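Below is one structure, written out as C-alpha coordinates; the observations come after it.
The values are calculated or read from the model by the stated rules, or taken from the named source; none is laboratory data. Quick caveat, the model's predicted, so the values are computed rather than measured. Note that we place each Cβ from the backbone using ideal geometry, even for glycine, and neighbour counts take in every protein chain shown.
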Amino acid sequence: MINRTRKKNSRNRVWLLQTMFATLLLVSGCGTNEPPRQQSRTAAAPAPPAPEQTTPASELVTMDVAKAVMVTVELDFGPRVPTIAEAITQVERRYQPDDGQGRTFAVLDAYGEPTPDGKKLHMSMHVSSEKPGGGQLIFKRTGEVLWRGKINPTSQPIQPKNLTVLLDNGRGTTLTVDGSGNPNSIIDARVKPGDLPVRDVWPDGEQRELTFIYSACGCPVHVLAKRVGDRTVRVKDTPVIFPDDPAAVAVISKLMRW
(Lines give C-alpha, C1' and ligand atoms only; values in the text may rest on other atoms or scores of the structure.)
Protein backbone atom coordinates (compact mmCIF):
# COMPACT_ATOMS: atom_id res chain seq x y z
CA MET A 1 0.00 0.00 0.00
CA ILE A 2 2.85 2.39 0.89
CA ASN A 3 4.73 1.62 -2.35
CA ARG A 4 1.58 2.28 -4.41
CA THR A 5 1.08 5.61 -2.64
CA ARG A 6 4.70 6.62 -3.26
CA LYS A 7 4.45 5.73 -6.96
CA LYS A 8 1.20 7.69 -7.25
CA ASN A 9 2.76 10.71 -5.53
CA SER A 10 5.79 10.51 -7.85
CA ARG A 11 3.54 10.42 -10.92
CA ASN A 12 1.60 13.39 -9.57
CA ARG A 13 4.82 15.40 -9.11
CA VAL A 14 5.92 14.65 -12.68
CA TRP A 15 2.47 15.58 -14.03
CA LEU A 16 2.53 18.83 -12.06
CA LEU A 17 5.95 19.77 -13.45
CA GLN A 18 4.81 18.98 -16.99
CA THR A 19 1.75 21.16 -16.49
CA MET A 20 3.81 24.04 -15.10
CA PHE A 21 6.26 23.81 -18.01
CA ALA A 22 3.41 23.71 -20.54
CA THR A 23 1.58 26.71 -19.12
CA LEU A 24 4.15 29.14 -17.80
CA LEU A 25 7.72 29.97 -18.82
CA LEU A 26 9.20 32.78 -16.75
CA VAL A 27 12.72 33.91 -15.98
CA SER A 28 13.89 35.40 -12.68
CA GLY A 29 17.24 36.72 -11.44
CA CYS A 30 19.66 34.46 -9.62
CA GLY A 31 20.01 35.00 -5.90
CA THR A 32 17.51 37.87 -5.73
CA ASN A 33 14.07 38.41 -4.29
CA GLU A 34 12.79 40.15 -7.39
CA PRO A 35 9.61 38.65 -8.83
CA PRO A 36 9.97 36.75 -12.13
CA ARG A 37 9.54 38.79 -15.25
CA GLN A 38 8.26 37.69 -18.62
CA GLN A 39 10.86 36.96 -21.27
CA SER A 40 11.61 40.02 -23.43
CA ARG A 41 11.80 39.99 -27.21
CA THR A 42 15.53 39.31 -27.05
CA ALA A 43 16.21 37.34 -23.91
CA ALA A 44 18.91 38.67 -21.65
CA ALA A 45 21.64 36.29 -20.57
CA PRO A 46 20.92 34.54 -17.26
CA ALA A 47 22.33 36.21 -14.17
CA PRO A 48 25.79 35.08 -12.99
CA PRO A 49 26.07 32.26 -10.45
CA ALA A 50 25.82 32.99 -6.75
CA PRO A 51 29.10 33.96 -5.04
CA GLU A 52 31.18 31.05 -3.80
CA GLN A 53 31.15 30.44 -0.07
CA THR A 54 34.37 31.62 1.56
CA THR A 55 33.58 31.07 5.25
CA PRO A 56 34.78 27.87 6.97
CA ALA A 57 32.23 25.06 7.07
CA SER A 58 32.08 25.30 10.87
CA GLU A 59 30.77 28.88 10.67
CA LEU A 60 27.08 29.57 10.28
CA VAL A 61 26.04 31.15 6.98
CA THR A 62 23.01 33.44 7.28
CA MET A 63 20.85 34.06 4.21
CA ASP A 64 17.29 34.97 3.28
CA VAL A 65 14.74 32.78 1.56
CA ALA A 66 15.11 32.75 -2.26
CA LYS A 67 18.86 33.37 -2.15
CA ALA A 68 21.73 31.14 -3.26
CA VAL A 69 25.27 30.23 -2.30
CA MET A 70 27.96 28.11 -3.93
CA VAL A 71 29.50 25.60 -1.53
CA THR A 72 32.90 24.29 -2.66
CA VAL A 73 34.66 21.44 -0.85
CA GLU A 74 37.45 18.87 -1.25
CA LEU A 75 36.37 15.39 -0.21
CA ASP A 76 38.50 12.35 0.55
CA PHE A 77 36.79 9.14 -0.58
CA GLY A 78 39.76 6.87 -0.15
CA PRO A 79 41.59 4.99 -2.92
CA ARG A 80 38.98 5.64 -5.65
CA VAL A 81 37.76 9.13 -6.50
CA PRO A 82 34.08 8.86 -7.50
CA THR A 83 32.17 10.71 -10.17
CA ILE A 84 30.20 13.81 -9.21
CA ALA A 85 26.96 11.83 -9.60
CA GLU A 86 28.26 9.27 -7.12
CA ALA A 87 29.70 11.87 -4.76
CA ILE A 88 26.51 13.93 -4.43
CA THR A 89 24.72 10.87 -3.04
CA GLN A 90 27.27 10.80 -0.23
CA VAL A 91 26.33 14.30 0.90
CA GLU A 92 23.48 14.18 3.41
CA ARG A 93 20.96 17.03 3.54
CA ARG A 94 19.63 17.93 6.97
CA TYR A 95 16.72 20.33 7.43
CA GLN A 96 15.32 22.13 10.46
CA PRO A 97 12.33 24.08 9.10
CA ASP A 98 10.83 26.68 11.42
CA ASP A 99 7.34 25.34 10.72
CA GLY A 100 8.45 21.73 11.23
CA GLN A 101 7.59 20.63 7.69
CA GLY A 102 9.49 20.00 4.46
CA ARG A 103 12.96 21.05 3.43
CA THR A 104 14.66 24.40 3.86
CA PHE A 105 17.00 24.32 0.85
CA ALA A 106 17.76 22.43 -2.34
CA VAL A 107 20.96 21.55 -4.18
CA LEU A 108 20.44 22.78 -7.74
CA ASP A 109 23.54 21.34 -9.39
CA ALA A 110 26.95 19.90 -8.63
CA TYR A 111 30.17 19.78 -10.61
CA GLY A 112 33.90 19.37 -10.15
CA GLU A 113 36.89 17.14 -10.78
CA PRO A 114 39.67 15.30 -8.97
CA THR A 115 42.36 17.43 -7.34
CA PRO A 116 45.69 17.66 -9.23
CA ASP A 117 47.23 14.95 -7.06
CA GLY A 118 44.27 12.65 -7.80
CA LYS A 119 43.61 11.95 -4.13
CA LYS A 120 40.49 14.03 -3.47
CA LEU A 121 37.40 15.29 -5.28
CA HIS A 122 36.99 19.04 -5.71
CA MET A 123 33.21 19.61 -5.85
CA SER A 124 30.96 22.65 -5.96
CA MET A 125 27.27 22.56 -5.02
CA HIS A 126 24.79 25.31 -5.84
CA VAL A 127 22.45 25.68 -2.85
CA SER A 128 19.13 27.56 -3.05
CA SER A 129 17.24 28.55 0.13
CA GLU A 130 13.54 27.68 0.09
CA LYS A 131 11.98 28.40 3.50
CA PRO A 132 12.96 29.73 6.94
CA GLY A 133 14.90 27.45 9.25
CA GLY A 134 18.26 25.71 9.42
CA GLY A 135 20.11 23.35 7.16
CA GLN A 136 23.36 21.43 6.82
CA LEU A 137 25.31 19.48 4.24
CA ILE A 138 27.09 16.52 5.84
CA PHE A 139 29.77 14.29 4.31
CA LYS A 140 28.43 10.82 5.15
CA ARG A 141 31.84 9.12 5.06
CA THR A 142 33.32 11.23 7.85
CA GLY A 143 30.41 13.14 9.38
CA GLU A 144 32.12 16.40 8.43
CA VAL A 145 29.87 19.46 8.22
CA LEU A 146 30.37 20.92 4.75
CA TRP A 147 27.91 23.79 5.14
CA ARG A 148 25.66 25.20 7.86
CA GLY A 149 22.97 27.70 7.02
CA LYS A 150 20.40 29.79 8.89
CA ILE A 151 17.65 30.87 6.51
CA ASN A 152 15.61 33.92 7.45
CA PRO A 153 12.17 34.97 6.19
CA THR A 154 11.93 37.62 3.51
CA SER A 155 9.44 40.44 3.14
CA GLN A 156 9.41 39.94 -0.61
CA PRO A 157 6.73 37.69 -2.18
CA ILE A 158 8.06 34.23 -3.02
CA GLN A 159 7.16 33.09 -6.51
CA PRO A 160 6.19 29.47 -7.15
CA LYS A 161 8.82 27.35 -8.85
CA ASN A 162 8.13 26.87 -12.54
CA LEU A 163 10.30 24.92 -14.93
CA THR A 164 11.86 27.21 -17.54
CA VAL A 165 14.00 26.06 -20.47
CA LEU A 166 16.18 28.48 -22.45
CA LEU A 167 18.15 27.70 -25.60
CA ASP A 168 21.15 29.54 -27.00
CA ASN A 169 20.75 29.95 -30.76
CA GLY A 170 24.49 29.88 -31.41
CA ARG A 171 24.61 33.60 -32.24
CA GLY A 172 24.48 35.08 -28.77
CA THR A 173 20.70 35.22 -28.38
CA THR A 174 18.84 33.24 -25.73
CA LEU A 175 15.45 31.86 -26.75
CA THR A 176 12.62 30.61 -24.53
CA VAL A 177 11.40 27.09 -25.29
CA ASP A 178 7.59 27.15 -25.45
CA GLY A 179 6.11 24.05 -23.83
CA SER A 180 2.46 25.03 -24.30
CA GLY A 181 1.99 22.43 -27.05
CA ASN A 182 3.26 19.60 -24.81
CA PRO A 183 5.91 18.57 -27.37
CA ASN A 184 7.26 15.02 -27.45
CA SER A 185 10.81 16.40 -27.46
CA ILE A 186 12.55 19.75 -27.48
CA ILE A 187 13.14 19.38 -31.22
CA ASP A 188 9.35 19.42 -31.73
CA ALA A 189 8.88 22.49 -29.53
CA ARG A 190 8.84 26.12 -30.64
CA VAL A 191 10.83 29.07 -29.35
CA LYS A 192 10.01 32.64 -28.39
CA PRO A 193 10.50 35.18 -29.80
CA GLY A 194 9.85 34.31 -33.42
CA ASP A 195 7.59 31.29 -32.90
CA LEU A 196 10.04 29.13 -34.83
CA PRO A 197 10.47 25.34 -34.45
CA VAL A 198 13.53 24.34 -32.45
CA ARG A 199 14.62 22.16 -35.38
CA ASP A 200 14.97 25.36 -37.45
CA VAL A 201 17.24 27.12 -34.95
CA TRP A 202 19.26 24.12 -33.74
CA PRO A 203 20.96 22.39 -36.72
CA ASP A 204 21.51 18.66 -36.46
CA GLY A 205 24.96 17.77 -35.13
CA GLU A 206 25.61 21.15 -33.48
CA GLN A 207 26.18 21.86 -29.79
CA ARG A 208 24.08 24.36 -27.88
CA GLU A 209 23.95 25.60 -24.31
CA LEU A 210 20.66 25.00 -22.53
CA THR A 211 19.61 26.77 -19.34
CA PHE A 212 17.15 25.23 -16.90
CA ILE A 213 15.51 27.22 -14.12
CA TYR A 214 13.62 25.47 -11.34
CA SER A 215 14.38 27.00 -7.98
CA ALA A 216 13.17 29.44 -5.36
CA CYS A 217 16.07 31.78 -6.18
CA GLY A 218 15.46 31.62 -9.94
CA CYS A 219 19.07 30.58 -10.53
CA PRO A 220 20.15 29.14 -13.90
CA VAL A 221 21.59 25.65 -14.37
CA HIS A 222 23.62 25.38 -17.58
CA VAL A 223 24.05 22.23 -19.68
CA LEU A 224 25.88 21.72 -22.97
CA ALA A 225 24.11 19.35 -25.38
CA LYS A 226 24.36 18.20 -28.98
CA ARG A 227 21.44 17.64 -31.31
CA VAL A 228 21.35 14.15 -32.83
CA GLY A 229 18.32 13.87 -35.11
CA ASP A 230 15.14 14.24 -33.07
CA ARG A 231 16.90 13.93 -29.73
CA THR A 232 19.83 15.46 -27.83
CA VAL A 233 22.82 14.05 -25.97
CA ARG A 234 24.80 15.70 -23.22
CA VAL A 235 28.32 16.70 -24.13
CA LYS A 236 29.51 16.31 -20.51
CA ASP A 237 28.21 14.36 -17.53
CA THR A 238 28.45 17.45 -15.35
CA PRO A 239 26.87 19.37 -13.89
CA VAL A 240 24.60 16.91 -12.14
CA ILE A 241 21.32 18.81 -12.33
CA PHE A 242 18.61 19.12 -9.67
CA PRO A 243 19.67 16.12 -7.55
CA ASP A 244 17.01 17.06 -4.96
CA ASP A 245 14.17 17.28 -7.51
CA PRO A 246 13.98 13.96 -9.39
CA ALA A 247 10.53 14.83 -10.79
CA ALA A 248 12.02 17.89 -12.52
CA VAL A 249 14.87 15.74 -13.87
CA ALA A 250 12.30 13.27 -15.25
CA VAL A 251 10.48 16.02 -17.15
CA ILE A 252 13.75 17.46 -18.50
CA SER A 253 15.02 14.01 -19.53
CA LYS A 254 11.76 13.31 -21.38
CA LEU A 255 11.92 16.66 -23.17
CA MET A 256 15.60 16.30 -24.10
CA ARG A 257 15.31 12.51 -24.73
CA TRP A 258 18.31 11.79 -22.52
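Looking only at segment 165-188, decide whether some residue is β-branched (Val, Ile, Thr), within 12 Å of the chain's Cα centre (by Cα), modelled with pLDDT of 95 or more and outside the structural domain of residue 88 (by TED's automatic domain parsing).
Within segment 165-188 (the criterion being β-branched (Val, Ile, Thr), within 12 Å of the chain's Cα centre (by Cα), modelled with pLDDT of 95 or more and outside the structural domain of residue 88 (by TED's automatic domain parsing)), the answer is yes, since at least one residue qualifies.
Return only the number of the condition from (1) among the polar types (S, T, N, Q); (2) in contact (Cβ under 8 Å) with a residue 60 or more places away in the chain; (3) surrounded by fewer than 20 Cβ atoms within 10 Å (Cβ to Cβ) that residue 128 does not satisfy.
Among (1) among the polar types (S, T, N, Q); (2) in contact (Cβ under 8 Å) with a residue 60 or more places away in the chain; (3) surrounded by fewer than 20 Cβ atoms within 10 Å (Cβ to Cβ), residue 128 violates only (3).
Within segment 224-231, is even one residue part of a strand (DSSP E or B), within 18 Å of the chain's Cα centre (by Cα) and either surrounded by 13 or more Cβ atoms within 10 Å (Cβ to Cβ) or at pLDDT 95 or above (or both)?
yes
Restricting the search to segment 167-212, which residues are touching a strand residue (DSSP E or B) at 6+ places or on another chain (Cβ under 6 Å), farther than 19 Å from residue 235 by Cα and of a type in the set (D, E, K, R)?
Scanning segment 167-212 gives 178, 190, 192.
Considering 112, 133, 118, 100, which residue is at positive phi, within 20 Å of the chain's Cα centre (by Cα) and not assigned by TED's automatic domain parsing to the domain that holds residue 233?
112
Would you pick out the residues in segment 143-166 that are among the β-branched types (Val, Ile, Thr), farther than 30 Å from residue 178 by Cα and not in a loop (DSSP other than H, G, I, E, B)?
Of everything in segment 143-166, those that are among the β-branched types (Val, Ile, Thr), farther than 30 Å from residue 178 by Cα and not in a loop (DSSP other than H, G, I, E, B) turn out to be 145, 151.
I'd like the full set of residues that are farther than 14 Å from residue 115 by Cβ and either among the small types (Gly, Ala, Ser) or surrounded by 20 or more Cβ atoms within 10 Å (Cβ to Cβ) (or both), limited to segment 62-77.
Listed by number, the residues that qualify are 63, 65, 66, 67, 68, 69, 71.
So, of the residues in segment 148-166 that are over 24 Å from residue 211 (Cα atoms) and hydroxyl-bearing (Ser, Thr, Tyr), which turns out to be surrounded by the fewest Cβ atoms within 10 Å (Cβ to Cβ)?
155
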